[in-house]
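*Asks:* Below is a structure I'd like to ask you about.
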Amino acid sequence: MVKVYTTPTCHWCHTLKEFLKENNIEYMEIDVSKDQAAAREIIEKSGQMGVPVAEINGEIVVGFDQEKISELLGIKN
């Protein structure tokens, strides 16, 4: 399962979610603006305060790094 840490006002979060939907990738969205424990967790994992952050098979991807996300999910571009 792909976890996507987001906030409602984040443009790149929406872009990431659309990319996943277009490629039929199921994901769990975690809104860090409403879940402070998740916000702390993702800061510890990524070392970053920004979103989006995707967790794919234990790998952390900060921002919408389409190339890295595609590689981790086996999506051919």
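Every read-out reported here was derived from the displayed coordinates using simple, explicitly stated rules and does not represent laboratory data. This one's a predicted model, so the numbers in the text were calculated from it and none came from an experiment. All Cβ positions, even for glycine, are placed from backbone atoms using ideal geometry, and neighbour counts span all protein chains on display.
*Asks:* Under 5 Å between amide H atoms, partner at least 5 residues away or on a different chain: which partners does Thr6 have, H built in plane at 1.01 Å?
*Replies:* For Thr6, whose amide H was placed from the backbone, the distant partners under 5 Å are Ile30, Asp31, Val32.
*Asks:* Could you sort 60-68, 35-43, 21-29 so that the peptide with the highest average Cβ count within 10 Å comes first and the rest follow in order?
*Replies:* The most tightly packed comes first, giving 60-68, 35-43, 21-29.
*Asks:* Let me ask something else about it. Take peptides 6-14, 47-55 and line them up by average Cβ neighbours within 10 Å, highest first, as a rough protection proxy.
*Replies:* Ranked by mean Cβ neighbours within 10 Å, highest first: 47-55, 6-14.
*Asks:* Next up: Could you work out the helix-only [θ] at 222 nm for the chain, with each DSSP H run of four or more residues adding -39,500 (n - 2.57) and the total divided by the number of residues, to the nearest 500 deg cm²/dmol?
*Replies:* -12000 deg cm²/dmol
*Asks:* Next question. In a shell of Cβ-Cβ distance under 13 Å around Thr6, excluding Thr6 itself, what net charge do Lys and Arg (+1) and Asp and Glu (-1) give?
*Replies:* So the surrounding residues net to -2.
*Asks:* Follow-up. Once phi is turned into ³J(HN,Hα) by the Karplus curve 6.51 cos²θ - 1.76 cosθ + 1.60 with θ = phi - 60°, what whole-Hz value does each residue of the stretch 51-60 show in order, with x for glycine and proline?
*Replies:* With the stated coefficients, the stretch 51-60 comes to 10, x, 10, 10, 10, 10, 6, x, 8, 9 Hz.
*Asks:* Between (1) 13.1; (2) 12.8; (3) 12.3, which matches Kirkwood radius over Cα pairs in Å calculated for the structure shown?
*Replies:* (3)
*Asks:* Multiply the residue separation of Glu29 and His11 by 0.36 nm, subtract the distance between their alpha-carbon atoms, and state the gained length in nm to one decimal.
*Replies:* Once the chain is fully extended between Glu29 and His11, it gains 5.0 nm.
*Asks:* Let me ask something else. Check the straight Cα-Cα distances from Lys34 and name the lysines below 22 Å, setting aside those fewer than 8 residues away within the same chain.
*Replies:* Correct list for Lys34: Lys3, Lys17, Lys45.
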